[in-house]
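The values are calculated or read from the model by the stated rules, or taken from the named source; none is laboratory data. Bear in mind that the values here come from a model prediction, so they are computed numbers and not experimental data. Quick reminder, even Gly has a Cβ in these numbers, built from the backbone with ideal geometry, and neighbours come from all protein chains shown. Side chains included, ligands, DNA and RNA excluded: accessible areas come from the protein's heavy atoms. Shrake-Rupley method; radii C 1.70, N 1.55, O 1.52, S 1.80 Å.
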Amino acid sequence: MAKKFTLPRGTADILPADIPAWHDLESKARHYFSKYNYKEIRTPNFEEVELFARSMGQTSDVVQKQILGLSSQKEGNDSGLGLRPEGTASVVRAYIQNGMERVGGLAKLFYIGPMFRGERPQKGRLRQFHQMGVEAIGPDSASPYLDAEVIALAVNILKSLGLNGFKLKINTLGSQEDKANFSQKLREDLKPHVARLSEESQARFERNVFRILDSKSKEDKAIVSQLNLNYSYLSDESLQYYAKVKANLTALGVEFEESIELVRGLDYYTHTVFEISDPSLGAQDALGAGGRYGTLVSQLGGGKNVDAIGFALGMERILLAAKDMASVDAQLDVFVVTMDETANDFAFKVVDELRAGGLGADMSFKGGSSKSQMRVANKSGARYMAIIGEQEMKNKTVTLKHMASGEQQEISVTETIEKIKNT
Ligand code: AMP
C-alpha cells in the first residue's frame, strides 16, 4: 500500500473551518496598523543564517538551538540559508538594503507571516507558527511617545479581538552602557550562588547573564528574588526616559505592571522592553513581546546607529486565547440545483451570472439526483437555493427558495441578484 503522509511534527494545517478566525485576526490587525500609519513589508521566509546570528546574538537560545537551516542551499561565500525564526532581522536587512533611511523620517513597517523554530513541539509551541509585528525605524527617532504608541498599538489589537485577561509587563534595560554595567553587577551578585543555579542558568552565567533573571526554574527564582534588584545601574537620562514612557502609557489608559526581571532573550534590546501574557494559556502564556533596539541597524551593516522599536505577536497563541470568541464563516448566498442533467449547461451559466452580479454562488459538480443536490445545498449553509428545471430553462428563470422560511418564487436571474443583495 502507498505510504500515507502526515504533516511534519510541530506544524499544523489551518483548515477551512479555522480560516474565518484567522481572517478576522488579520483584518482587525491591518485596520490598526493602518490607523497608526504602519505600511506592510513582505520579506523572504529565509535569509542568510548569519543575519539571524548577528542580530539576535550568537548566544541567544534561538540562534544556538532553533534555526532550521536549508543545508543543501549554499551559494558562493554566504553563510548558508535558514528559515527565519522572527521578523526583525529581515525587516532591518530590508530597511538597509533598500535605503529606506534616505527617505528620511521614520519608517513605520508591519509584517504578518510564518516563522520557523526548531523547538520541541508542545501545546502553544510550534515549529512553524505565525507572527504579526511592527518595526518603527528611523535616525534619532527614540522617543517615549513612540514607545508608548507602539505598546498601545499591540494592546489595542488584542483588545479589538475581545481579549481582556492579558497582562502587560514593562521594563527598561537602559542604554548599551547601562546594560554593560548591569551585567557586570549581576555577575558579581550571582557569583556566590552559581553552584546552586539550574544547569541552564549556569551556562547562561557567562554567555547571557540577563536570562537568569527570567528563568522559570524554582531554585533560580528564589536566588534572583534575594538579589534585591534595583535601577541603580541606570543613568539619570535612562531613568527619565523610562519615567516618561510610563507616564505616556498612563495618559493613553494602558494598564501595565513593572517587572525589573523582564529582560527578553535577545542581545539587541536597549531601553524599553515589554511582554504581554495571558494566564489562560498555561505554560506557554506569552502572546507577544517587543522592545527598543538602538544598535541593530549598525550591527547589520547599516553604518551608524539608527533608533528602532518593534514588537511581535504570536498569532496561534492569540487565537487560542480568543477561541471562545469564534467568528462566523461568511455565508454562501445561493446554491444552484438542477432537476436533471439537461439543465446543467444553463445552470453553469446562471452560477457565473450570479457571481458576476456580486453574489457568492456554487453548484454541485457531481450532479446526481435533485434530491442529493439539495442535500449538498443544505450542507453548504447557503441562504438561498436556486432550482432549475425544464420550465425555468424555458422561461430563463430560476425558482428561488429562501432556506430559512421555505418561501419560494420563480424569478429572473437579474431579479434574483437584486433580491438576495437586498436581504
Ligand atoms: P519571541 O520572538 O520569542 O518573543 O516571540 C513572540 C511571540 O511569538 C511569543 O510571545 C509567542 O506568542 C509567539 N511564539 C514564539 N515562538 C513560538 C512557537 N514556537 N510557537 C508558537 N508561537 C510562538
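Screening MET325 with (1) at pLDDT below 95; (2) out of contact with any Gly (no Cβ under 6 Å at 6 or more places or on another chain) gives one miss only, at (2). The set of residues in the range 159-179 that are closer than 16 Å to VAL273 by Cα, aliphatic (A, V, I, L, M) and either open to solvent by 10 Å² or more (accessible area, probe 1.4 Å) or at pLDDT 95 or above (or both) comprises LEU168, ILE170.
I need a count of the residues in the range 381-398 that are surrounded by fewer than 18 Cβ atoms within 10 Å (Cβ to Cβ) and either free of Cβ contacts under 8 Å to residues at least 40 places away in the same chain or of a type in the set (Ser, Thr, Tyr) (or both). Number satisfying all stated conditions: 4.
The selection criterion, being modelled with pLDDT of 95 or more, away from the ligand (no atom under 16 Å from the Cβ) and part of a strand (DSSP E or B), holds for PHE335. Can you find a residue that is within 21 Å of LEU300 (Cα to Cα), near the ligand (Cβ under 8 Å from one of its atoms) and open to solvent by less than 30 Å² (accessible area, probe 1.4 Å) anywhere in the range 134-151? Checked against the condition, which is being within 21 Å of LEU300 (Cα to Cα), near the ligand (Cβ under 8 Å from one of its atoms) and open to solvent by less than 30 Å² (accessible area, probe 1.4 Å), the range 134-151 yields no hits at all. For the range 268-285, the set of residues classified as under 22 Å from the mean Cα position of the chain (by Cα) and either away from the ligand (no atom under 14 Å from the Cβ) or open to solvent by 40 Å² or more (accessible area, probe 1.4 Å) (or both) consists of THR272, GLU275, PRO279, SER280, GLY282, ALA283, ASP285, listed by residue number. Residues that are open to solvent by 90 Å² or more (accessible area, probe 1.4 Å) and either of a type outside the set (Phe, Trp, Tyr) or within 16 Å of the ligand (Cβ to nearest atom) (or both) within the range 18-60 comprise HIS23, HIS31, LYS35, LYS39, ARG42, ARG54, GLN58, listed in sequence order. Selection over the range 75-113 of residues that are touching a residue at least 60 places away in the same chain (Cβ under 8 Å), in a strand (DSSP E or B), open to solvent by less than 30 Å² (accessible area, probe 1.4 Å) and closer than 18 Å to THR11 by Cα gives a count of 1. Among the candidates VAL376, VAL351, single out the residue that is part of a helix (DSSP H, G or I), open to solvent by less than 40 Å² (accessible area, probe 1.4 Å) and either more than 30 Å from GLN131 (Cβ to Cβ) or without any contact (Cβ under 8 Å) to a residue 40 or more places away in the chain (or both). Of the residues listed, the single one that is part of a helix (DSSP H, G or I), open to solvent by less than 40 Å² (accessible area, probe 1.4 Å) and either more than 30 Å from GLN131 (Cβ to Cβ) or without any contact (Cβ under 8 Å) to a residue 40 or more places away in the chain (or both) is VAL351.
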